[in-house]
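S.K.: Below you'll find the structure I mean.
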Amino acid sequence: MSTDKPLSDVERIKTASRGLRGSLIESLNLRHTGAVHADDTQVIKFHGIYQQDDRDVRAERQRRKLEPQYQFMARLRLPGGVLDATQWLALSQLARAYGDGSLRITSRQSIQFHGLFKENLKPALQDLDRVLLDTISACGDINRNVIACANPNRSLLHGEVYGWAQRIAAHLMPRSRAYHEIWLDGEPVVQPEDEPLYGKTYLPRKFKIALAIPPSNDVDVFAHDLGFVAIEEEGRLAGFNVTVGGGMGRSHTNLATYPRVADVIGFCTPEQVLAVTEAVVTAQRDNGDRSDRAQARLKYTIDRMGLDVFVAEVERRSGFDLAPTRPARFDTSGDEFGWVDHADGTASLALYVPGGRVVDGQPEYLPLSGLDELVRAHGGELRLTCNQNLVLAGVSSAARPQVEAVLERFELDLAPRRTPLETGAMACVAFPTCPLAMAESERYLPALLQSLNALLAEFDLERENLSLRVTGCPNGCARPYLAEIGLVGRAPGLYDLHLGSDRAGARLNTRVRESLDEAGLLDTLRPLFARFAQERADGEGFGDFLHRLDLLGATSTSEQGVIA
Amino acid sequence: MSAVVELPRRVPAPVLDEGQFHELRRFADALSPEQLLWASGYLAGLQGAGVAAPAAEPVAEAVRIVVLYGSQTGTGAALAERVAERARTLGFEAETLDMLRYRRARLREDRNLLLIVSTHGDGDPPDSAQELHALVTGAKAPKLADTHFAVLALGDASYPRFCQAGKDFDEALAAAGGTRLVERVDCDLDYEEAAGQWTERVLGKLNEQRPDTPRVAAVPGAAARPAWTRHKPFAAPLLERLPLTAEGSSREVWHLELDLAGSEIEFASGDSLSIVPSNPPELVEALVERLSLDGDAAVATPQGERTLAEALASRYEITRLTRPFVERYAAAAESDQLRGLAVDAEGLAKWMDGRDVLDVVAEHPVQGLSAQDFADMLRVLPARRYSIASSPLAYPDEAHLTVAPVRWASRGRDRFGVASTQLIERLTEGDGVPVFLEGHAAFRLPEDPERPIIMIGAGTGVAPYRAFLQEREVLGAPGRNWLFFGDRNFRTDFLYQREWLQWRDDGLLTQLDVAFSRDQQDKVYVQDRLRERAADLYAWLEEGAALYVCGAERMGHDVHQALIGVVGAAGGLPADKAEAYVEDLKHTGRYHRDVY
């Protein structure tokens, strides 16, 4: 992209980073600060790590003439969200030894640790390496974790699609050996490696890829820069509908920013997937805005270039035209919980993990020690879902009684005892670790759920399948713009209320009120719930109902509709 | 200075009658120091001549006195200056000199030596006195047949080897053939009165010995004093007090800001401020009750009459034991155990450790002890010194202190460091903190603003370096600055961390090395960092850097050893040469220590 504007400072840092090395080794050795050099806070993201600080103690530490309590969040690169039992147990051990004793299942099928001090980063990453895990490019201006439908009982295609997630992830890995040098004491290279796909400055901004298998949209494919929607024909994977230009992030103050649902631009065969991927990634690499990071995501590139122009560019780069979009239909973006028996005699268990958070000693969350036991009893494959839940896959009939005993003993199977609102709800991490947080999110969710459950109960709606997502800022980590009820933090205790997505996560919701406190929130929702209980059509979701009755006002943002 | 000499207030009967005396006083009060000096000689001359001589020479030939001091904190230096000043008013030619700069050859020349020397740690002389101490106590001690000397020893009677350095000098000079002018006086922390008396006696004796010169009767009364003293401290309002260590720390350190506006207390970066403490009221109450005395009973103290409770609260030391107290109390209690302890230095030190006055009284009750008898056994409550953590250039009219409250439990009771807990617990913002300045320490920035400095501090020992950097920042001093800081845990105990980091970012703090002993399995201290940085450290020393060490005694010792090692390793010097190199830093005024 040609522009008169100067490049953003992050572009300078990337250029000077010598293949994502920066001065990280020196930064790690600085004893007088728990932070890394300012430039290295950007470089370290490419290694899957964010520098944060404990915001709960920030002001008090400042008063005491101490620097902030710097700590780091490390996020796994985990294509398709698949782990084995050994890896889980290593993660659990690592969280206890180096982190805050908790694991967080993320909204993009990964696991992240919070509260790692600088001196613990290297030992932690070396422990990960011992169980064949890494955090390469889990953050930063590069392709992030590639996610894929986690629901193994919905389709025979699951294994195949997971394979494509792996292949895409491998294809988009950086060539730089910086990770090995810095964290695993690998031999330093003489000359920084070439990055034939990315170039020296990688991408203008983060890049996210999802693979969905209809009718489940658990990956929220429309929230992604690039999406592949699996098309099953005669029991086999015919190919994928391709989606581009989804993204959640916006800001309260920059009106040129907005959430966008992806466009479906055509169909490709499985053999064409890597070519399409590379074409979209490089088109964004060369056309994305590198001056204004708030305009750098692919969604803005597409809106600036025009969708037709962008698709033509992708087709030119891939060397072939996309075929016409094939029919596909999503029915939900949520997870289904409980046991499912499979034809091969195994079973899988989808377990509701409140807030995606696993930690001992906090009754609102699942206990880490309990899940460790469960994983030991199962001994097999685990899958993380994009709704921050956990699936035990391929549980053998021999292991099942033991798994059930552990479930019982630690009371791990919460889904039957919770409302659908609770089991479908998502919240981002926000305070105290996220530097962007403006309001509480994860820590507020339990109380909010209680209030909303009570409100729904007034209208006998407590068993209603309603999607609720909360974030502490407008950047959209929990994808709040694709929820029937979305809360976006503005200030401590104050949230914008967004309403009206569909259950399949294909339509953006609409901001109906700004800066509501909880009372204001409940007062706004009460009359809507009342009418919903009275006037809904059979099987109609809350978001669809609001649209049918046109209750959201004229501010409704772009409406994409369900793919047909 | 308004009055150099404090004249007697009462008639020194029967020399003068009241009218004569007042006439003389009125006259003398109006004189400047120089005029007074001249007048004293004139009056003395009259005595010899017997007739009025209009233009008598004031003093035929002045007697020279050298006041040598060995001082760590500046107390001794300040005292020496006062003694010299006093001597000059009496017509002597007096010179003060740091023992560090006293050359061997002069020992044979100087006829009248007054020594003021403090004792530290396990009976050690201050750093600056070590070489002279070694010389006079060693085998090569020169013969001093014509030397007159007197020793004023400073110390702390709660230590077993109380005033040992003073004793050593006294004995060594006598053994070398010197003649004592007066007996040595050993001063406890409340040295002022004893020091004043010693001064008058010594100068009186020297005056008697003046041959063929007019004699001036030594005017009793203390030498000149600074405006604020232990007995008349300035009440500095507490402006701010905030914790420096984070929640969860195993340590507790506070930052205090005191308002000195209007006090005219003038100090320099590196100086210490003395706090006049008072004892915790609960402890006073418990002690009075245990003694079965009336807290309202009147007792005479050196500063006048007080109730017993008042006196115990603010006049006498009750949280620490000293040998004189144990001796006196042993006599009253007629306790063989206490008497036995009083003559066994090692045993006494061990026994006193963890005990206070209340413990002694509880363990050895005495029937019929009067309030006055008891008060007379006690040591006067000494002031406590704190390195000032601010520069007067950066914070005019303020003094910042870095205070770690001392608390421990012993023998079933909570114990407190008297001044530190007073500052942290018993004062609130706005309260007046009784303070005064007790002489200037040798702990000063180099005069040359370009000279690099290496600052080594552990815990609250980092306080004066905050003042140094503030000062160098205000002055725009181009010299490079290197800080070594040590404490227990990085995340909770890095005192003034944000300020050091800011100075580092600004380029003022050139190097910053930290050691946190409890963050890893093997304990790491500042001296380990010194060894790690040996090459650079040695290079700085070679370029003329001044070294500062501030912190606990033990740390000071370990750092000293490490420095010798650093010089040996990086300079390729054998151990004795390395040691000499470090000693030489002291002589050239480039190695300053403030250890406690």
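S.K.: For A:Q93, state whether it is open to solvent by 30 Å² or more (accessible area, probe 1.4 Å), at pLDDT 95 or above and within 14 Å of chain B (Cβ to nearest Cβ).
M.R.: So A:Q93 does not fit the description; no.
S.K.: Also, I was wondering about something else. With respect to A:L103, determine if the residue is open to solvent by 40 Å² or more (accessible area, probe 1.4 Å), outside any helix (DSSP H, G or I), more than 14 Å from chain B (Cβ to nearest Cβ) and out of contact with any Gly (no Cβ under 8 Å at 6 or more places or on another chain).
M.R.: No.
S.K.: Quick one: is A:R205 at pLDDT below 95 and either touching a strand residue (DSSP E or B) at 6+ places or on another chain (Cβ under 6 Å) or open to solvent by 10 Å² or more (accessible area, probe 1.4 Å) (or both)?
M.R.: no
S.K.: Which ones in the stretch B:169-191 are buried (at least 21 other Cβ atoms within 10 Å of the Cβ) and assigned to a helix (DSSP H, G or I)?
M.R.: Correct list: B:F169, B:D170, B:L173.
S.K.: Considering only the stretch B:339-417, give the strands (runs of 3 or more DSSP E) lying wholly within it that have at least 3 residues that are touching a residue at least 12 places away in the same chain (Cβ under 8 Å) and over 22 Å from B:A286 (Cβ atoms).
M.R.: B:384-387, B:398-403
S.K.: While we're looking at this one, here's another question. Mind listing whichever residues of the stretch A:33-52 are within 14 Å of chain B (Cβ to nearest Cβ) and surrounded by 20 or more Cβ atoms within 10 Å (Cβ to Cβ)?
M.R.: A:T33, A:G34, A:V36 - these are the residues of the stretch A:33-52 that are within 14 Å of chain B (Cβ to nearest Cβ) and surrounded by 20 or more Cβ atoms within 10 Å (Cβ to Cβ).
S.K.: I would also like to ask the following. Given the residues A:A454, A:A439, A:A447, which is the only one that is closer than 30 Å to A:L546 by Cα and either touching a strand residue (DSSP E or B) at 6+ places or on another chain (Cβ under 8 Å) or among the basic types (K, R) (or both)?
M.R.: On inspection, the qualifying residue turns out to be A:A439.
S.K.: Would you check if B:R518 is in contact with a Gly (Cβ under 7 Å, 6 or more places away or on another chain) and either closer than 24 Å to B:L401 by Cα or more than 8 Å from every other protein chain (Cβ to nearest Cβ) (or both)?
M.R.: no
S.K.: Of B:P446, B:P405, B:P452, which residue is in contact with a Gly (Cβ under 6 Å, 6 or more places away or on another chain), away from chain A (no Cβ under 14 Å), open to solvent by less than 30 Å² (accessible area, probe 1.4 Å) and not hydroxyl-bearing (S, T, Y)?
M.R.: B:P452
S.K.: Now for a separate question. With respect to A:V309, is the statement that it is of a type in the set (A, V, I, L, M) and surrounded by fewer than 16 Cβ atoms within 10 Å (Cβ to Cβ) true?
M.R.: Considered against the rule, which asks whether it is of a type in the set (A, V, I, L, M) and surrounded by fewer than 16 Cβ atoms within 10 Å (Cβ to Cβ), A:V309 comes out as yes.
S.K.: Mind listing whichever residues of the stretch A:144-172 are crowded, with 18+ Cβ neighbours inside 10 Å and not in a helix (DSSP H, G or I)?
M.R.: Result: A:R144, A:N145, A:V146, A:I147, A:A148, A:C149, A:A150, A:N151, A:P152, A:S155, A:L157, A:L172.
S.K.: Right, here's the next one. May I ask you to list pairs of residues, at least six apart or on different chains, whose Cβ atoms are under 6 Å apart, with the first in the stretch A:258-284 being charged (D, E, K, R) and the second being surrounded by fewer than 20 Cβ atoms within 10 Å (Cβ to Cβ)?
M.R.: A:D263/A:L307
S.K.: What number of residues in the stretch B:240-289 are surrounded by 15 or more Cβ atoms within 10 Å (Cβ to Cβ) and either without any contact (Cβ under 8 Å) to a residue 40 or more places away in the chain or away from chain A (no Cβ under 14 Å) (or both)?
M.R.: 25
S.K.: Please state which of the following conditions A:A16 fails to meet, knowing it meets all the rest: (1) surrounded by fewer than 18 Cβ atoms within 10 Å (Cβ to Cβ); (2) within 14 Å of another protein chain (Cβ to nearest Cβ); (3) within 26 Å of A:T201 (Cα to Cα).
M.R.: The one condition A:A16 does not meet is (2).
For (1) closer than 15 Å to A:G48 by Cα; (2) among the polar types (S, T, N, Q), each residue gets a yes or a no:
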{"site": "A:G101", "(1), (2)": "no, no"}
{"site": "A:R108", "(1), (2)": "yes, no"}
{"site": "A:Q112", "(1), (2)": "yes, yes"}
{"site": "A:K118", "(1), (2)": "yes, no"}
{"site": "A:L133", "(1), (2)": "yes, no"}
{"site": "A:I136", "(1), (2)": "yes, no"}
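S.K.: Separate question: In this structure, is B:L475 crowded, with 23+ Cβ neighbours inside 10 Å and more than 9 Å from chain A (Cβ to nearest Cβ)?
M.R.: It is false that B:L475 is crowded, with 23+ Cβ neighbours inside 10 Å and more than 9 Å from chain A (Cβ to nearest Cβ).
S.K.: Is it the case that some residue within the stretch B:380-396 is open to solvent by 20 Å² or more (accessible area, probe 1.4 Å), among the basic types (K, R) and touching a Leu at 6+ places or on another chain (Cβ under 8 Å)?
M.R.: yes
S.K.: Any residue at all in the stretch A:126-140 that is more than 14 Å from every other protein chain (Cβ to nearest Cβ), in a helix (DSSP H, G or I), in contact with a helix residue (DSSP H, G or I) (Cβ under 6 Å, 6 or more places away or on another chain) and not aromatic (F, W, Y)?
M.R.: Within the stretch A:126-140, one or more residues are more than 14 Å from every other protein chain (Cβ to nearest Cβ), in a helix (DSSP H, G or I), in contact with a helix residue (DSSP H, G or I) (Cβ under 6 Å, 6 or more places away or on another chain) and not aromatic (F, W, Y).
S.K.: Working only within the stretch B:290-330, note down all residues that are charged (D, E, K, R), more than 13 Å from B:V360 (Cα to Cα) and open to solvent by 40 Å² or more (accessible area, probe 1.4 Å).
M.R.: Passing the criteria: B:D294, B:D296, B:E305, B:R306, B:E310, B:R315.
S.K.: Quick one: which strands (runs of 3 or more DSSP E) sit completely within the stretch A:442-524 and have at least 3 residues that are modelled with pLDDT under 95?
M.R.: In the stretch A:442-524, A:510-516 are the strands (runs of 3 or more DSSP E) which contain 3 or more residues that are modelled with pLDDT under 95.
S.K.: Determine if the stretch B:119-137 includes at least one residue that is more than 23 Å from the chain's Cα centre (by Cα), hydroxyl-bearing (S, T, Y), surrounded by fewer than 19 Cβ atoms within 10 Å (Cβ to Cβ) and assigned to a strand (DSSP E or B).
M.R.: The answer is no; no qualifying residue exists.
S.K.: Go through the stretch B:65-107 and give me each residue that's within 15 Å of B:A150 (Cβ to Cβ), in a helix (DSSP H, G or I) and small (G, A, S).
M.R.: Scanning the stretch B:65-107 gives B:G76, B:A80, B:A84, B:A87.
For (1) open to solvent by 20 Å² or more (accessible area, probe 1.4 Å); (2) within 14 Å of chain A (Cβ to nearest Cβ), each residue gets a yes or a no:
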{"site": "B:E499", "(1), (2)": "yes, yes"}
{"site": "B:L509", "(1), (2)": "no, yes"}
{"site": "B:K523", "(1), (2)": "yes, no"}
{"site": "B:E532", "(1), (2)": "yes, yes"}
{"site": "B:A545", "(1), (2)": "no, no"}
{"site": "B:C550", "(1), (2)": "no, no"}
{"site": "B:E553", "(1), (2)": "yes, no"}
{"site": "B:D558", "(1), (2)": "yes, no"}
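S.K.: Suppose we filter B:D124, B:D156, B:D190, B:D170 for residues that are over 19 Å from B:G74 (Cα atoms), of a type outside the set (A, V, I, L, M, F, W, C) and out of contact with any Gly (no Cβ under 8 Å at 6 or more places or on another chain); which single one remains?
M.R.: B:D170
The values are calculated or read from the model by the stated rules, or taken from the named source; none is laboratory data. Because the structure is a prediction, the values reported are computed rather than measured. Please note: Cβ atoms are built from the backbone with ideal geometry, for glycine as well, and neighbour counts cover all protein chains shown. Quick note on the areas: whole protein, heavy atoms, side chains included, nothing else; ligands and nucleic acids left out. Shrake-Rupley method; radii C 1.70, N 1.55, O 1.52, S 1.80 Å.
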